[in-house]
Amino acid sequence: MKISAKTKFCIVVGDPIDHSLSPAIHNAAYKSLGIDDQFVYLGTNVKVENIEAVVKAMRNMKNFCGLACTMPHKIEVIKHLDEIDEIAKKIGAVNTVVNNNGVLKGYNTDWLGIVTPLEQIIKLKNKKVAVLGAGGAARAVVYGMILKGAKPTIFNRTVEKAQELGKEFACNGVGLDDVEGIKDFDIIINSTAVGMHPLENKTPIPTRFINESQVVFDIVYIPYETKLLREAKKKGAKTIHGIEMLLYQGTAQFELFTNHKAPVKVMRKILNKNFKL
Ligand code: ATR
């Protein structure tokens, strides 16, 4: 690796950030393509009130080619950018910022992290999809489902939020108490934090409504296998782990940052190693 004054850098910012696997995944990918003298990927903690300063600095640093935003920056960063991609605008969140000679454009690759692994095992067109949650992550899920011709229904603890999001995307939004109907859905996607520490012993819905004809996708990736996925597997449902989302939002981001095709296998290997798979 020969870092020089010509080396471009990408930075992932968040609060917290220490757990982020993005630097490991992207740097391994640069190395495998022999472009680790051209790109390096770092991470740093940034408080939400300081994201504007980071964006300003990026605009003035030619080699600062990519900014990845994770919690809590995905919405806040938008108002400081020069251009927003149409998809990111619809989702209302940006996780990827590309520096094009001082012009900063925001993208969202999270929806690809949902759609790509699903399409590897099921055709989405006309499928009934239960989206659990109505927060930032759920917005990317609902967007992806509608784009692919699926029929999402939003189930959320706070019913008003489900209804609001439903109105925005022209689909149904209901409360989590209406969950019995879930047995008739083809796909269930958990986009709430339920299942993640400290809620690792909980499932977002009672698993008695899950059956073997369904696909269950949990975007939570710590722990690797959530209680929801464990129980869905027992019922014979097909399951997709949260690291798939992590992988495919990352490969899409890699391509935006470098203009190189992402080496998916290399990136997956790093994730597998990290989760001891
Ligand atoms: P993110 O950007 O990760 O989606 P968010 O915007 O804070 O985070 O949204 C979190 C989602 O998880 C919300 O849909 C939230 O439900 P409420 O709208 O009712 O708050 C859901 N959520 C969080 N904790 C939950 C819990 N214990 N049970 C059910 N839903 C929960």
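The values are calculated or read from the model by the stated rules, or taken from the named source; none is laboratory data. All figures in this text were calculated on a predicted structure; none of them were measured in a lab. Note that we place each Cβ from the backbone using ideal geometry, even for glycine, and neighbour counts take in every protein chain shown. Keep in mind that these areas ignore ligands, DNA and RNA; they rest on the heavy atoms of the full protein, side chains included. Shrake-Rupley method; radii C 1.70, N 1.55, O 1.52, S 1.80 Å.
Is segment 131-141 home to any residue that is within 14 Å of the ligand (Cβ to nearest atom), surrounded by fewer than 24 Cβ atoms within 10 Å (Cβ to Cβ), within 14 Å of the chain's Cα centre (by Cα) and part of a loop (DSSP other than H, G, I, E, B)?
Checked against the condition, which is being within 14 Å of the ligand (Cβ to nearest atom), surrounded by fewer than 24 Cβ atoms within 10 Å (Cβ to Cβ), within 14 Å of the chain's Cα centre (by Cα) and part of a loop (DSSP other than H, G, I, E, B), segment 131-141 yields at least one hit.
Does K31 meet the test of being open to solvent by 20 Å² or more (accessible area, probe 1.4 Å), outside the structural domain of G250 (by TED's automatic domain parsing) and of a type in the set (D, E, K, R)? Give the steps one after another, and end with the answer.
Working: open to solvent by 20 Å² or more (accessible area, probe 1.4 Å): yes; outside the structural domain of G250 (by TED's automatic domain parsing): no; of a type in the set (D, E, K, R): yes.
Spelling it out, it is not the case that K31 is open to solvent by 20 Å² or more (accessible area, probe 1.4 Å), outside the structural domain of G250 (by TED's automatic domain parsing) and of a type in the set (D, E, K, R).
From the residues in segment 195-212 that are touching a strand residue (DSSP E or B) at 6+ places or on another chain (Cβ under 8 Å) and either in contact (Cβ under 8 Å) with a residue 40 or more places away in the chain or more than 18 Å from R157 (Cα to Cα) (or both), which one is nearest to the ligand (Cβ to nearest atom)?
Checked segment 195-212; the qualifying residue nearest to the ligand (Cβ to nearest atom) is P204.
Taking E52 as meeting all but one of (1) touching a residue at least 40 places away in the same chain (Cβ under 8 Å); (2) among the charged types (D, E, K, R); (3) under 29 Å from G135 (Cα atoms), write down the number of the exception.
(1)
Take the conditions in contact (Cβ under 8 Å) with a residue 12 or more places away in the chain, more than 16 Å from the ligand (Cβ to nearest atom) and open to solvent by 10 Å² or more (accessible area, probe 1.4 Å) and apply them to K148. Does it pass?
Taking the combined requirement at face value, the residue satisfies it.
Would you check which residues across segment 151-165 are surrounded by fewer than 24 Cβ atoms within 10 Å (Cβ to Cβ) and near the ligand (Cβ under 8 Å from one of its atoms) and list them?
R157, T158, K161
Considering (1) assigned to a loop (DSSP other than H, G, I, E, B); (2) touching a Pro at 6+ places or on another chain (Cβ under 8 Å), say which one H19 fails and leave the rest.
(2)
Filter segment 120-130 down to the residues that are under 21 Å from H241 (Cβ atoms) and either open to solvent by 40 Å² or more (accessible area, probe 1.4 Å) or away from the ligand (no atom under 16 Å from the Cβ) (or both) and list them by number.
Matches in segment 120-130: Q120, I121, I122, K123, L124, K127.
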